[in-house]
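Scroll down for the structure; my scribbles are underneath it.
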Amino acid sequence: MTTDTDLLVVGGGILGLAVADRALRQGLDVHLVEEDHRPVGSSIQNFGHLCITGQADDHLDLALSSRAGWLRGGAESGLRVARPGTLVPAASPAELRVLEEFAAHRGPEQVRMLTPAQTRDALGADRQDLLGGAHLPLDLRVDPRRAAPRLTAHLQHKGLRVHHGERVLSTAEGAVTTTRATYRAERVVACPGTGIDGLFPEIADRHRITRCTLAMALVERPAHLGADTAILSGTSLARYDGFAAVPGAEELRRDLADREPELLACDANLMVTGIDRGLLVGDSHARHDSPEPFLDARVSSLLLTKASALLGIPEPRVIERWQGCYSDAPDTHLVLEQPDPATTVAVVTSGIGMTLAFGIAERILAGALLT
């Protein structure tokens, strides 16, 4: 079978859906090809935390554009996009310094400093060791278990034609061959995620793209924390590019090496977000071209112990554990390339795909690459 269409999207994760959404708004006829019959990849394995504020300065416009896209898409599809912002408690002078420097750089519309008492109240825990904190009001929350399915159904209602259960074998010059059909399109946008090395090995090799696996858990949510909870920690301040660019970040890294060597050893970004069913807790990071599927119980226990101490939960009850996975590259967060005039390849090579998806989609459909 051969189908002619304006745009064919490869990949039904959040980035592919965001591209389809933007294309439909432009009045294009859009098909989407997805190997799985339901979302099972990185788009549902994550925190659902849209960390707008913590992005690097040169990605901030992209993040704000994506924020607008999430709010618009949520309102139209019925997906709840919450606006609680993010709480960042400071448990050491080095963490507080980074927050103060970041607040001075970004201003009160993006960062609101909190007193120790305000931080304890927001956290809902009697943490007398806290020196203060910050609230990031622009950050958003979605339930990652619901986002992709809801957006898919909404876009299908708007005219998107989705072909599930088809693995793409090749794509070039507007021709896409799958295990079930051949399609032709004026333009192809491939969002293969962790499948980049199978479809475009030369791009994967050039950017040294590999796979990053994460230890994640869902725990029972105590009554004092809401379903829209979003909390970052000192390890987050050392990881997200916006925070990590301030002068005090180097001191923070030394501070964390002294106070939290175990977290650094598993490359942790200790954070907690809420969904209706509980609290999402994680995560560690390990990179390999062919990662093993096994979760290290010691790492999972460490993250749970540290998160419980952060939240003041004496005996957390684990509901689920899993291993997340996304594409990762050492030198870039985003890969956008055109291997031929009709094909755009888009891969987020870090853990910020949910955050930036709608902004990236806007740029792709405007014809702007980010390489």
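The values are calculated or read from the model by the stated rules, or taken from the named source; none is laboratory data. All values reported here derive from a predicted model rather than from experimental measurement. Methodologically, a virtual Cβ is constructed for each residue, glycine included, from the backbone with ideal geometry; neighbour enumeration extends over all protein chains shown. These accessible areas exclude ligands, DNA and RNA; they are computed on the full protein's heavy atoms, side chains included. Shrake-Rupley method; radii C 1.70, N 1.55, O 1.52, S 1.80 Å.
Could you identify the single residue in Leu60, Leu15 that is under 13 Å from the mean Cα position of the chain (by Cα) and among the aliphatic types (A, V, I, L, M)? Can you show your working first?
On the way: Leu60 fails: under 13 Å from the mean Cα position of the chain (by Cα).
Of the residues listed, the single one that is under 13 Å from the mean Cα position of the chain (by Cα) and among the aliphatic types (A, V, I, L, M) is Leu15.
Answer with yes or no whether Ser66 is open to solvent by 50 Å² or more (accessible area, probe 1.4 Å), of a type in the set (S, T, N, Q) and either farther than 20 Å from Leu356 by Cα or within 15 Å of the chain's Cα centre (by Cα) (or both).
Working: open to solvent by 50 Å² or more (accessible area, probe 1.4 Å): no; of a type in the set (S, T, N, Q): yes; either farther than 20 Å from Leu356 by Cα or within 15 Å of the chain's Cα centre (by Cα) (or both): yes.
For Ser66, the condition - open to solvent by 50 Å² or more (accessible area, probe 1.4 Å), of a type in the set (S, T, N, Q) and either farther than 20 Å from Leu356 by Cα or within 15 Å of the chain's Cα centre (by Cα) (or both) - is not met.
So Asp197 passes all but one of these: (1) in contact (Cβ under 8 Å) with a residue 40 or more places away in the chain; (2) open to solvent by 10 Å² or more (accessible area, probe 1.4 Å); (3) touching a Ser or Thr at 6+ places or on another chain (Cβ under 8 Å). Which condition number does it fail?
Going through (1) in contact (Cβ under 8 Å) with a residue 40 or more places away in the chain; (2) open to solvent by 10 Å² or more (accessible area, probe 1.4 Å); (3) touching a Ser or Thr at 6+ places or on another chain (Cβ under 8 Å) one by one, Asp197 breaks only (3).
Look at the stretch 311-330 and say how many of its residues are touching a residue at least 12 places away in the same chain (Cβ under 8 Å), closer than 28 Å to His224 by Cα and assigned to a loop (DSSP other than H, G, I, E, B).
Number of matching residues: 4.
Considering each of Arg38, Arg22 in turn, give the residue that is of a type in the set (Lys, Arg) and surrounded by 19 or more Cβ atoms within 10 Å (Cβ to Cβ).
On the way: Arg38 fails: surrounded by 19 or more Cβ atoms within 10 Å (Cβ to Cβ).
Sole residue among the options that is of a type in the set (Lys, Arg) and surrounded by 19 or more Cβ atoms within 10 Å (Cβ to Cβ): Arg22.
Collect the residues in the stretch 100-146 that are among the basic types (Lys, Arg) and over 21 Å from the mean Cα position of the chain (by Cα), keeping them in residue-number order.
Kept after step one, since they are among the basic types (Lys, Arg), are these residues of the stretch 100-146: 106, 112, 120, 127, 141, 145-146.
Listed by number, the residues that qualify are Arg106, Arg112, Arg120, Arg127.
Tell me yes or no: at least one residue of the stretch 256-264 is within 22 Å of Arg141 (Cα to Cα) and outside any loop (DSSP other than H, G, I, E, B).
Here is the first cut: in the stretch 256-264, the ones within 22 Å of Arg141 (Cα to Cα) are none.
No, every residue in the stretch 256-264 fails to be within 22 Å of Arg141 (Cα to Cα) and outside any loop (DSSP other than H, G, I, E, B).
Please verify whether Ser308 is in a loop (DSSP other than H, G, I, E, B) and in contact with a strand residue (DSSP E or B) (Cβ under 9 Å, 6 or more places away or on another chain), treating the condition exactly as stated.
Judged against the criteria, Ser308 is not a match.
Are any of the residues in the stretch 84-96 farther than 29 Å from Leu252 by Cβ, open to solvent by less than 20 Å² (accessible area, probe 1.4 Å) and not basic (Lys, Arg)?
Checked against the condition, which is being farther than 29 Å from Leu252 by Cβ, open to solvent by less than 20 Å² (accessible area, probe 1.4 Å) and not basic (Lys, Arg), the stretch 84-96 yields no hits at all.
If you go through the stretch 287-296 one residue at a time, do you hit one that is under 30 Å from Arg80 (Cα atoms) and either at pLDDT below 95 or out of contact with any Asp or Glu (no Cβ under 7 Å at 6 or more places or on another chain) (or both)?
no
So Leu280 fits all but one of (1) more than 21 Å from Ser350 (Cα to Cα); (2) hydrophobic (A, V, I, L, M, F, W, C); (3) part of a strand (DSSP E or B); what number is the exception?
(1)
Out of Ala190, Ala147, I need the residue that is over 26 Å from Leu232 (Cα atoms), buried (at least 22 other Cβ atoms within 10 Å of the Cβ) and either modelled with pLDDT of 95 or more or of a type in the set (Lys, Arg) (or both). Which one?
Going through Ala190, Ala147 in turn, the sole match is Ala190.
How many of the residues in the stretch 348-368 are closer than 19 Å to Arg208 by Cα and over 12 Å from the mean Cα position of the chain (by Cα)?
So the answer is 0.
For the stretch 296-310, how many residues are over 22 Å from Ala223 (Cβ atoms) and free of Cβ contacts under 8 Å to residues at least 40 places away in the same chain?
The number of residues fulfilling the criteria is 3.
Is it the case that the stretch 233-240 has a residue that's open to solvent by less than 20 Å² (accessible area, probe 1.4 Å) and in a loop (DSSP other than H, G, I, E, B)?
Yes.
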